[in-house]
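Worksheet: one structure, shown below.
The values are calculated or read from the model by the stated rules, or taken from the named source; none is laboratory data. Owing to the predicted nature of the structure, the values given are computational and were not obtained by experimental measurement. Every residue, glycine as well, gets a Cβ built from its backbone with ideal geometry; the counts of neighbours run over all protein chains shown. Ligands, DNA and RNA are excluded from the accessible area calculation, which covers all protein heavy atoms including side chains. Shrake-Rupley method; radii C 1.70, N 1.55, O 1.52, S 1.80 Å.
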Amino acid sequence: MRKKHRLPFPILFEDEDLIVVDKPAGLLTTHTKLVGRLARESQLTAENILNDYVRKGQAKSRKRVWLVHRLDRETSGVMMFAKSEEVAEKFRADWANLTEKTYRARVAGLLEEESGAFESHLLEDADGYRVRSVAAPDARRAPRGAKTPKLARTEWRRLSTADGTTLVEVKLKTGRKNQIRVHFSEAGHPVIGDEKYGGERASRLYLHALSLRFRHPRTGEWLEFTAPPSKGLS
């Protein structure tokens with residue numbers, strides 16, 4: 001009898017094309033910029049854990065998972081991986097039309113409006129560490145090879161307030177790096193625990209990928225999976 005493979009996080013869905021998991025806060029999605037394949041594959045990441053899972057512990061197996069999207073290290077919640085490059089590319093090529101993502105966040109201050117939206121062009125710094133809003137790009141003046149600002153839209157609605165903070169539900173119309181964190185920080189309401197973007201220190205980053213809805217690449221059926229939020233985000 002084959003020994004059951006244990007994972008440090010729950011699998012919400014799995015078939016021949018996809019794996020959907022509930023990633024815990026503190027776990028990297030994929031490797032950082034390490035030198036050498038062995039160094040990258042030895043790093044503790046959701047991607048490497050799932051690679052070992054689909055290989056059933058057989059190091060020489062060619063089976064692997066493909067990254068479709070990312071969650072920041074300190075962000076918890078629903079994540080999807082593809083089991084083939086073809087499926088991964090299909091999602092990457094039309095992510096906005098094939099998926100819908102909903103987040104929960106607790107932000108500093110009291111949001112007066114019941115709902116709203118942030119929209120800006122986001123640009124990564126040269127080292128890729130921070131992201132900020134910039135003016136809309138002018139392709140005619142952009143230096144060759146320079147990073148291009150990308151349009152980002154974040155829609156939110158207020159759920160509740162407590163102790164000078166606001167719990168919000170957030171829907172992303174785009175999926176840019178640090179998008180939610182940057183938009184709320186620039187609006188004067190940084191995510192609690194997000195010291196990188198001006199938030200107050202806390203036991204964790206109060207940002208959670210609550211649900212992911214997507215059209216299955218093989219059947220065309222819409223599927224939705226939810227990861228229950230932790231204390232402070234419910």
Which GluC sites (Glu not before Pro) in segment 18-117 pass both tests, a DSSP loop state and at most 16 other beta-carbon atoms within 10 Å?
GLU112, GLU113, GLU114
Just tell me which lysines come within less than 16 Å, Cα to Cα, of LYS147; anything on the same chain fewer than 8 places away is out.
LYS177
Along segment 228-233, Karplus-curve 3J(HN,Hα) (6.51, -1.76, 1.60; θ = phi - 60°) to the nearest Hz, with x for Gly and Pro, reads x, x, 7, 4, x, 10
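Can you give the FRET efficiency for LYS56 and GLU113, using 1/(1 + (r/R0)^6), R0 = 41 Å, r = Cβ-Cβ distance, to the nearest 0.05? Please report the intermediate quantities before stating the final value.
Details: r = 51 Å, r/R0 = 1.24.
Efficiency computed from Cβ-Cβ geometry: 0.20.
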Please label the shape of segment 48-89 as rounded, prolate or oblate, based on the square roots a ≥ b ≥ c of the eigenvalues of the alpha-carbon gyration tensor (a/c under 1.5 means rounded; beyond that, a/b larger than b/c means prolate, else oblate).
oblate
If N is the residue count of the chain, its Cα Rg over 2.2 N^0.38 Å rounds to 1.06
About its Cα centre, the chain carries a charge dipole, from +1 on Lys and Arg Cβ atoms and -1 on Asp and Glu Cβ atoms, whose size in debye to the nearest 20 is 1080 debye
Pop out the carbon and sulfur fraction of the accessible area of segment 60-188 as a percent, whole number, probe 1.4 Å.
45 percent
Extended-chain gain in nm, criterion 0.36 nm per residue less alpha-carbon gap, HIS121 and LEU67
17.0 nm
³J(HN,Hα), Karplus 6.51/-1.76/1.60, whole Hz, each residue of segment 198-215, x for Gly, Pro
x, x, 6, 5, 8, 5, 7, 7, 8, 9, 9, 7, 6, 8, 9, 10, 8, 8
Could you tell me whether segment 132-234 comes out rounded, prolate or oblate from its Cα gyration tensor? Rule is a ≥ b ≥ c as square roots of the eigenvalues, rounded for a/c under 1.5, then prolate if a/b exceeds b/c, otherwise oblate.
oblate
Using Cα springs under 10 Å in a Gaussian network model of the chain, which residue among TRP222, TRP66, TRP95 shows the largest mean-square fluctuation?
TRP222
Looking at segment 153-234, which trypsin sites (Lys or Arg not before Pro) are DSSP coil and have at most 10 other C-beta atoms within 10 Å of their C-beta?
ARG201, LYS231
Charge-dipole axis of segment 106-234 as Lys and Arg at +1 and Asp and Glu at -1 on Cβ define it, positive-most pick from ALA187, THR148, LEU207
THR148
Quick one: Karplus J couplings for segment 147-152, per residue in order, coefficients 6.51, -1.76, 1.60, θ = phi - 60°, nearest Hz, x for Gly and Pro?
5, 9, x, 10, 5, 9
Given points 7 Å out from each Cα along the Cα-Cβ axis, report the THR30 to ARG130 separation in nanometres with one decimal.
2.5 nm
Considering the zone a paramagnetic label at GLU224 would reach in this model (a point 7 Å from Cα along the Cα-to-Cβ line), which residues of segment 151-183 have amide N under 19 Å from it?
155-159, 168-174
Please work out the C-alpha center-to-center distance from segment 69-130 to segment 167-234 and express it in whole Å.
7 Å
Once you have a ≥ b ≥ c as the square roots of the Cα gyration tensor eigenvalues for segment 57-145, tell me rounded if a/c is under 1.5, and otherwise prolate or oblate according to whether a/b is larger than b/c.
oblate
Accessible area (Å², per residue) of the chain, counting only protein heavy atoms and a probe of 1.4 Å:
58 Å²
